[in-house]
Amino acid sequence: MNKYPIWKYLIILAIIVPGFLYALPNLFGEDPALQISPTRTAIIDASTLQQVEGTLNDAGIRFHSLQLLGSGLQVRFQNTDDQLKAKDLVENELGDKYTVALNLVAATPAWLEAFDAQPMYLGLDLRGGVHFLMQVDIEGAIRNTEKRLVSDLRTGLREKRIRYVTVTSSKDKGIQVVFPDEERREQAIPVIQDDFENLSYVEAERDGKPALDLTLTEPARKEIKDFAVKQNMTALRNRINELGVAEPIVQQQGDDRIVIQLPGVQDTARAKEIIGRTATLEIMLVDEKHDVTTALQGRVPVGSRLYRDRNNRPLLLKKGIIYSGTNIVDASAGIDSRNGGAVVHITLDSRGAAINQRVTGDNIGNRMAVVYVEVKSAVKKDDDGNVVLDEEGKPVRVKSRIEEIITAPVIRDQLGKRFQIEGMDSIKESRDLALLLRAGALAAPVVIVEERTIGPSLGKENITKGFLSVLYGMIAILIFMAVYYRVFGLVADVALLLNIVLIVAVLS
């Protein structure tokens, strides 16, 4: 009879026991859950937990567990019906200071999680995941283009020494250029035809003065629409990659919608917050010549605009944007070595660096403001808290634009390609802002119009059939080996089962 030293048996046990341990989580399945995370300055603590718990108990919604995880809150449910009902209730209760997202969480017991044992990663076709349908604000992209054209028109007319009274844009009427007389208008028409081929014009009058009403041509509008969708898809892919999601699906649906499917995301609240945000930065000079008090009384000087910082203190800024988030090529979060505060380190492209160097060099001793800009969208509700529907029965959404000054330091030296932004409320905020800037600016605001958890795209029936075919085939092989080879067949059966367990453990 063959005998082996004990150390060989110990090696086998050292492989088999961990194999079983790390294969076990695959037997427990997943729970539908809500992932709740704070946005910006909000925090989640024990009082938030009690608030959510009370809301669910009052509505009679049963849940498995409710626990604080890091800076967020996780609620597990028995089924997706309870999950969907709870999402609407919790969103109404907590308001827009918190992000509430759907999730699927592994139901692995705590004692297995202590060993960092997790079920094997499955793609969207086998596991399912989270689905977002996003609407691209095409009109917003067109308005942004018109705003840029206003600046270009002013510059072009000045270079040609053609006097004008005003160049403005409005939401419904496109761009209006008002001239002091007919001669100046006639001089401007060839310039617009040659240098601004994407604009069509109609002669008009404004307050008795000759004017031109300019609108984007249909080919130009189509080009803007196509670019906005493609640029947004690229930026959203970059954001998802920054979140570390494996095998995401980002594709266009129709003319102005984007579908995003994320398999097995553990923190869907953060994913939803990052994907849906349209945050960017605008760098502007502070208006040092005019009084803020006068502006607060309604007499804002021409060429300036009133802003507020995060402490609601007013500050008068010049309207001209020096450069924006589109000129940022890299951004990273960090800690200021002087005061320990959260900062964002910025790197500009060559155009932004040249502008930064010129403007800061000419304005040493003056102040320069960093303005945080974000567009938010929410479902409109009436006074009773009910969702307002349009004529087609779809929820009406309202947009709000957040513009606040992060910091407005005095320019001490000429700045170049790299600098840092202070005034962040937390390291989380600096990381999120750095991620958004690094991923690239959205060409147009996007709105999440649909969110749901999705099942495996192969279908539960096909997955069940595949599992049963493996099971029945395995049973047939085990029986055949045991009957035909007797004892040695049983040994081979055990080895085959251990092989399957170890493969599952390695994949997990």
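Quick note: the coordinates plus some simple rules give every number you see, no bench work behind them. Just so it is clear, the model here is predicted, and its values are computed rather than measured. A quick note on method: Cβ atoms are made from the backbone with ideal geometry, for glycine too, and the neighbour counts reach across all protein chains shown.
Return the Rg/Rh ratio of the range 269-395 with Cα-based radii and a Kirkwood Rh. Checking Rg against Rh, the ratio lands at 1.07.
Neighbouring Cβ atoms within 10 Å as the yardstick, rank ARG277, ARG367, ARG338, ARG358 fewest first. Please report the intermediate quantities before stating the final value.
Working: ARG277 21, ARG367 17, ARG338 8, ARG358 12.
Going from least to most buried by this count: ARG338, ARG358, ARG367, ARG277.
Gain on full extension, evaluated as 0.36 nm per residue between PHE488 and ASN339 minus their Cα-Cα distance, stands at 46.4 nm. From the alpha carbon centroid of the range 123-188 to that of the range 199-261 is 11 Å.
Per DSSP helix of 4 or more residues, -39500 (n - 2.57); summed, then divided by the residues of the chain. What does that give at 222 nm, rounded to the nearest 500? Show your work: numbers first, answer last.
On the way: 13 runs with 204 residues, N = 508.
Per the formula, -13500 deg cm²/dmol.
Database remark: amide H of THR99 closer than 5 angstrom to the amide H of SER37, THR39 (H placed geometrically; neighbours at sequence offset of 5 or more, or on other chains; Pro and chain starts carry no H). Remark on the chain: hydrodynamic radius 27.5 angstrom, per the Kirkwood mean of 1/r across alpha carbon pairs.
Taking 8 Å as the Cα distance limit and 6 or more residues as the minimum spacing, I'd like the relative contact order of the range 140-218 as a percentage. Numbers along the way, then the final one.
Values: 108 pairs, mean separation 20.6, N = 79.
Computed over the range 140-218, the figure is 26 percent.
Between the range 31-107 and the range 399-418, the alpha-carbon centres lie 36 Å apart. Would you mind checking the pairs LYS222/LYS417; LYS171/LYS209; LYS225/LYS417; LYS97/LYS225 and listing those with alpha carbons more than 23 angstrom apart? Checking Cα-Cα distances, LYS222/LYS417; LYS225/LYS417; LYS97/LYS225 exceed 23 Å. If the segment from ILE475 to GLU404 were pulled out straight at 0.36 nm per residue, it would be longer than the present Cα-Cα gap by 18.9 nm. Straight-line cross-link partners of LYS318 among the lysines, defined as a Cα under 19 Å from its Cα and at least 8 positions apart when in the same chain: LYS147, LYS289.
In terms of surrounding Cβ atoms within a 10 Å radius of their Cβ, SER324, SER430 rank from fewest to most as SER324, SER430. Couplings 3J(HN,Hα) of the range 434-439, computed from phi: 4, 4, 5, 5, 5, 6 Hz, in residue order, whole Hz [Karplus 6.51 cos²θ - 1.76 cosθ + 1.60, θ = phi - 60°; x for Gly and Pro].
If you stretched the chain out fully between LEU496 and ASP88, how much longer would it get, using 0.36 nm times the residue separation minus the C-alpha to C-alpha distance? The partial results should precede the final answer.
On the way: separation 408, 0.36 × 408 = 146.88 nm, distance 4.88 nm.
Answer, rounded to one decimal: 142.0 nm.
Taken along the Cα-to-beta-carbon direction at a fixed 7 Å, the label points for TRP111 and GLU247 span 3.2 nm. Among the aspartates and glutamates, select those whose C-alpha is under 13 Å from the C-alpha of LYS85, and discard any that sit fewer than 8 residues away in the same chain. Correct list for LYS85: ASP58, GLU93.
Mean separation of Cα pairs under 8 Å and 6 or more residues apart, divided by the residue count, gives the chain a relative contact order of 18 percent.
Neighbour counting of Cβ atoms within 10 Å sorts the residues VAL491, VAL370, fewest neighbours leading, into VAL491, VAL370. Relative contact order (percent) for the range 25-120, with alpha-carbon contacts under 8 angstrom and 6 or more residues of separation? That works out to 44 percent.
Compactness check for the range 140-218: Cα Rg over 2.2 N^0.38 Å is 0.99.
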